[in-house]
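Laboratory data are not the source of any read-out in this text; all were calculated from the coordinates shown. Note that the structure is predicted; figures quoted are calculated from it, not measured. Note that we place each Cβ from the backbone using ideal geometry, even for glycine, and neighbour counts take in every protein chain shown.
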Amino acid sequence: MGTTVLQLFPTPGGSLPLEGLYLAHELHRKAEAEKPFVYSNFVASLDGRIALPAAHRTTRRVPPAIANPRDWRLYQELAAQADLLVTSGRYFRQLASGEAQDLLPIGKQERFADLHTWRRSQGLSAQPDIAILSASLEIPVQTLATHAERGVHVFTGEDADPEKRVALEAAGGRIHIAGPGHAAEGQQVVRALAAAGYRSIYVIAGPSVLFTLLQANVLNRLYLTFAHVLLAGRDFDTLTWGQELHPPQAMRLVSLFYDSQAPEGAGQLLSCYECLPR
Ligand SMILES: NC(=O)c1ccc[n+]([C@@H]2O[C@H](COP(=O)([O-])OP(=O)(O)OC[C@H]3O[C@@H](n4cnc5c(N)ncnc54)[C@H](OP(=O)(O)O)[C@@H]3O)[C@@H](O)[C@H]2O)c1
């Protein structure tokens, strides 16, 4: 993957190698005082689709028309800088049913070996720990065992099912009650993670987890790849959904790159935004 991307912002730009593009952001050094640095990442079509249904599947998936190895490399680079990944109950159910897109990063494939070396050189743990947001606690307990080498936190609400809590704790999960009702509240989640010592938090779930963090004003940065395709469809996921945000979340452009190589024949924009305080 030796080819370059074109920097469009900041100007003046120029050609830069794709590999290392986001590693250079040093997200593991951006935490301030007690506040961890929280960032997320999506790949979307130009009409804003991040997931669509597919034949023979019970859950939606990232459309193959937008998923591509170059964006995936950057996804892995972002994970390489994290000491914790935030995912959802949905991901662990998909993992159990064989519908998950992939294992949680950082990938063990040879092409990501440099990222493991880089992590070690930066004094980060071998793999990021995991936080699962789940209201239902419908998390197949056997999937926790497959992540036994990582610390696993589960965030839920006060009304969570006590039996499921006990079962998840017995399987090695650390349960945090982080809100009234069934859902976890974003500020409480990030505060608990900060207290546990996490400094760089990479959010790789979907629209309602992102909304939880936006509503709580705790997201620092969004990485967004726009694959230059239009997908339409009536049943889809987009970046975020929930009660309308008033005021809206303003996003300041940090960087923008043009990648002509993928998706094939179309290309993509690699954008990065800072969330301004609301
Ligand atoms: N294109 C991309 O870049 C991209 C990125 C991420 C995801 N996706 C796709 O988007 C689709 C949706 O992903 P997703 O299901 O992870 O999205 P999500 O809407 O963020 O997460 C859904 C699940 O997360 C839990 N959850 C969310 N907010 C919570 C809160 N405040 N408190 C407690 N639990 C909470 C719930 O789990 P329980 O049901 O267990 O209660 C909920 O069902 C998937 O198909 C995924 O592949 C695409």
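What to note about this one:
- Overall Cα dimensions of the range 1-123 - principal axes, largest extent first, Å: 45, 33, 31
- Distance (nanometres) between label positions extended 7 Å along Cα→Cβ at residue 65 and residue 250: 3.5 nm
- Compared with the direct C-alpha span, the chain from residue 145 to residue 177 gains 9.4 nm at full extension, assuming 0.36 nm per residue.
- The amide H of residue 261, built 1.01 Å from its N in the peptide plane, has 268 as neighbours under 5 Å, considering only residues 5 or more places off or on other chains.
- Under 17 Å of direct C-alpha separation, and excluding same-chain neighbours fewer than eight residues apart, residue 30 reaches these aspartates and glutamates: 77, 83, 274.
- Cα-based shape type of the range 227-278, given that a ≥ b ≥ c are square roots of the gyration tensor eigenvalues and the cut on a/c is 1.5: oblate
- 19 Å tail of the calculated P(r), the range 177-228, as % of Cα pairs: 29 percent
- Approximate spin-label separation residue 9-residue 58, in nm, with each point projected 7 Å along Cα-to-Cβ: 4.3 nm
- Gyration tensor verdict on the range 191-278 (Cα atoms; rounded if a/c is under 1.5, prolate if a/b is larger than b/c, oblate otherwise): prolate
- Net length gained if the chain between residue 96 and residue 46 were fully extended (0.36 nm per residue, minus Cα distance): 14.9 nm
- From phi via Karplus (6.51, -1.76, 1.60), per-residue ³J(HN,Hα) for the range 151-161 in Hz, x at Gly/Pro: x, 10, 10, 10, 10, 8, x, 4, 8, 4, 4
- Shown here is the pair-distance distribution of the range 125-278: with all Cα-Cα distances grouped in 10 Å bins from zero up to the longest one, the shares run 10, 31, 33, 21, 5, 0 percent.
- Pairwise Cα separations in the chain fall into 5 Å bins from 0 onward with the following percentages, short to long: 1, 5, 12, 16, 19, 19, 14, 8, 3, 1, 0, 0.
- Residue 35-residue 138 FRET efficiency (beta carbon distance; Förster radius 30 Å; 0.05 resolution): 0.45
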